[in-house]
Amino acid sequence: MTTKINWSRVLLYATLIVVAAVYLTPIYMTVITALKNPADINLDTAWQVPTHLNWGSFSQAYTKLAPNMMNSIILAVTATILSSMLGSLNGYVFSKWQFKGNDIVFTLVLFGMFIPYQIILIPLFQTLRSMHMYGGLPGLILAHVVYGLPITTLIFRNFYAQIPLSLTESAQIDGAGFFKLYLRVIFPLSIPGFVVTFIWQFTQIWNEFLWGITLTKYSANPITVGLAQLAGGQAVSWNLPMAGSIIAAIPVLLIYILMGRYFIRGLLAGSVKG
Amino acid sequence: MHLTRDRIIAFSVLLPSLILIAVFVYGFIGQTVYISLTDWGKGAALAVNPEMHLIGFDNYKELFTSFLHGRFRQDLVNAFFYTMTLVLGSLTLGLFLAILLDREPRGEGIFRTIFLYPMSLSFVVTGTIWRWLLTPGGGINVLPTFVGLPAGNFLWTSSRGQILTFDWQSIPVITAIVVALVLVFLAIRTWRKGTHRRAFIVALPAVLLVLWAVFGQRMIPQMLPISEKHGFNLATIGISIAAIWQFSGYTMALYLAGLRGIPVALHEAARLDGANDIQYYKRVAFPILKPITLSAVIILAHISLKMFALIFAMAGPDNASTCHPAVLMYLTTFRGNKFALGASIAVILFLLVALFIIPYLVSSFREQRRRAS
């Protein structure tokens, strides 16, 4: 009996390890290719570990991507903070100051996060151009803040819905108005909510590509566009795109590995019904 | 009195966001629909005040019937297959991984982290890495040689192969047969439940549809002047594999949360009744996971209908065999400056996504109402 259980356990671990190896294969290939000398990269030996490590590709890729990286940092940090703060206030109103028809309005707001962005791209392009914001970072920040509102509002509304009514009511009896209630009771309890939205928004904005390529000029290109250009040429030597991929992925990978719990919460918030 | 004042403040705090959403989401959708009904894209398309004339549904008519736009129709077919492969692949693999992890192996956290990390990556990173892995002369194609087999020779994203080829003209017939099959399936189910009359009522239109498909299809006009072949482009397989690699961890997380939500007492009860693991999953767990599956299908379907960056980075935007309406919209609008035509593609894409999302939002809205009351 015991041996039988052990066998099923062995099978379980064997399967898990094989599948995990498959999931890690792309990372393995990326790292070994990035560390090879361009001359040593050929298709037959693509899977082999480099004979000597060449870190030069990283500094080369970094020199090319540094301006894009700076753009993405400014973009992601600003848009993340703005959309999270607005989302917090909106979520506060939707959960604690419900008005007539607030559920319909909320559903209409949520719709904004599911649309394919191609459907708003041309008017967005026109509007930014007429506001003289086309091509630069401010326009891109505006887009990310506005279209980030549905998800941040959703996360905060669900988060604040868990704050017991007794807590807010007692503060209100003590005479706390709208802002006082927010600053004294709601905001101090919001840290986990902010962590979830910060992580979610930062990852999304960092990884975004469509607006980056259509709404920014060369000098304002975010990291994803920079990487696509680095990897895009026909005669690419693969060490650079691979090193570039690692550079572009490191910030979000670090966030994911260090704060995976919150990342998953953001992930589930977008799909579990509100 | 005090409260009313606060209510007004509350609403005015919300108002700017609502106005932004109203303009940037609903206003812009309306404007794109309007643009799609014009001829914007002739001559100085990029002028600040470009010349535009309302021309009705001509752009849509062009896309669906003009000889020149066969590529758009193939892209629609591609989008359909991208959706099918991503949804089925991620659901199966995600469920499989969730069941493995539900057995609480040691190091579960590490495995979970490994299965889910691709989800945090950008599509551009995924696309770049997988382009290297799927280089025809290297990467995955070389793997069989390690165990003594001949190297693979599949060209991946540069493949020109096509299977399941069909004639665009026969789409009405194919649709009729698919609907008929669904109706027959429903009829059999109703018959088994014992409501025979209802089964007949369901079966009747199925019979009519099949009769029409066999005898009557000449009655409707041809959709195109000549026959046009479309099908499942083999070049899309590589991109689907990369997408499944990226999203199966997500469905795993959804299913695992669902499996962990099942009360232990229920599992124990099933075991006491003599159910083995397979029976437990089939009889107890899967029915509980049904709503999760539905959510996952909707989320994955809408993601695959929006797929842009992955295709762009992995196969390049100009690769016709892997193209997708989301990519074609970009090419048409921002490379070709045919804004009105691009807007029409965007509207069609939007309607496809709305088909999944609106019922989802309506049902979650109803559920919320029910919970509130």
| note | Here the relative contact order (percent) of chain B, from C-alpha pairs under 8 Å and at least 6 apart, is 29
| remark: Mean per-residue count of partner chain Cβ within 10 Å for A:80-93 equals 2
| Surface/4 estimate of mean projected area, convex hull on alpha-carbon atoms of chain B, nm² | 29.7
| Rg and Dmax of region A:57-269, Cα atoms, in Å? | 19.8, 71
| Using a Förster distance of 25 Å, the FRET efficiency for B:ILE177-B:TYR60 (Cβ separation, nearest 0.05) | 0.45
| query | If you project the alpha carbons of region A:1-54 onto their three principal axes, what span does each projection cover, largest first, in Å? | reply | 57, 18, 17
| query | Using the per-residue mean of other Cβ atoms lying within 10 Å as a proxy for protection, in what order, highest first, do the peptides A:70-76, A:171-177 fall? | reply | A:70-76, A:171-177
| query | If you keep only loop residues by DSSP, which trypsin sites (Lys or Arg not before Pro) in region B:78-187 have at most 16 other Cβ atoms within 10 Å of their Cβ? | reply | B:ARG103, B:ARG106, B:ARG160
| note | Two pseudo-spin positions, 7 Å from Cα along C-beta at A:ILE250 and at B:TRP212, lie apart in nanometres by 6.1
| query | How big is the Rg/Rh ratio for region B:179-263, C-alpha atoms only, Rh by Kirkwood, two decimals? | reply | 1.21
| note | Within 10 Å of the Cβ of an average residue in A:244-256, the count of other chain Cβ atoms is 4
| query | Once Rh for region A:148-204 is found with the Kirkwood sum over Cα pairs, what is the Stokes-Einstein diffusion coefficient at 20 °C and 1.002 mPa s, in µm²/s? | reply | 176
| query | What's the FRET efficiency of B:ASN49 with B:SER364 using the Cβ-Cβ distance as r and R₀ = 51 Å, to the nearest 0.05? | reply | 0.75
| message | Given points 7 Å out from each Cα along the Cα-Cβ axis, report the B:GLN222 to B:LEU351 separation in nanometres with one decimal. | response | 2.4
| task | For peptide A:105-113, compute the average count of partner chain beta-carbon atoms within 10 Å of each residue's beta-carbon. | result | 5
| Reciprocal of mean inverse Cα separation for the protein assembly as shown (Kirkwood radius, Å) | 27.2
| For region B:97-112, 3J(HN,Hα) per residue [Karplus equation, 6.51 cos²θ - 1.76 cosθ + 1.60, θ = phi - 60°, Hz, x = Gly/Pro] | 5, 5, 5, 4, 6, 5, 7, 6, x, 5, x, 4, x, 5, 4, 4
| query | What's the extension gain from A:THR51 to A:LEU24 if we count 0.36 nm per residue and subtract their Cα-Cα distance? | reply | 7.6 nm
| said: Using each residue's phi in region A:41-48, evaluate 6.51 cos²θ - 1.76 cosθ + 1.60 at θ = phi - 60° and report the 3J(HN,Hα) Karplus result to the nearest Hz, with x for Gly and Pro. | reply: 8, 9, 5, 5, 9, 4, 8, 7
| task | Any chance you could check the Cα centroid distance between region B:30-103 and region A:191-249 for me, in angstrom? | result | 23
| note | One finds, for A:VAL31 and B:LEU294 with R0 = 35 angstrom and r their Cβ-Cβ distance, a FRET efficiency to the nearest 0.05 of 0.35
| said: Run the paramagnetic zone check for B:VAL23: 7 angstrom along Cα to Cβ, then residues of region A:108-137 with backbone nitrogen under 11 Å. | reply: A:127-128, A:131
| Sequence ranges B:292-305, A:41-54, A:181-194, ranked by mean other-Cβ count within 10 angstrom, highest first | B:292-305, A:181-194, A:41-54
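Readers should treat all values here as calculations from the given coordinates under stated rules, not as data from a laboratory. For clarity, every value in this text was computed on a predicted model and none was experimentally measured. We place every Cβ from the backbone using ideal geometry, glycine too, and count neighbours over all the protein chains shown.
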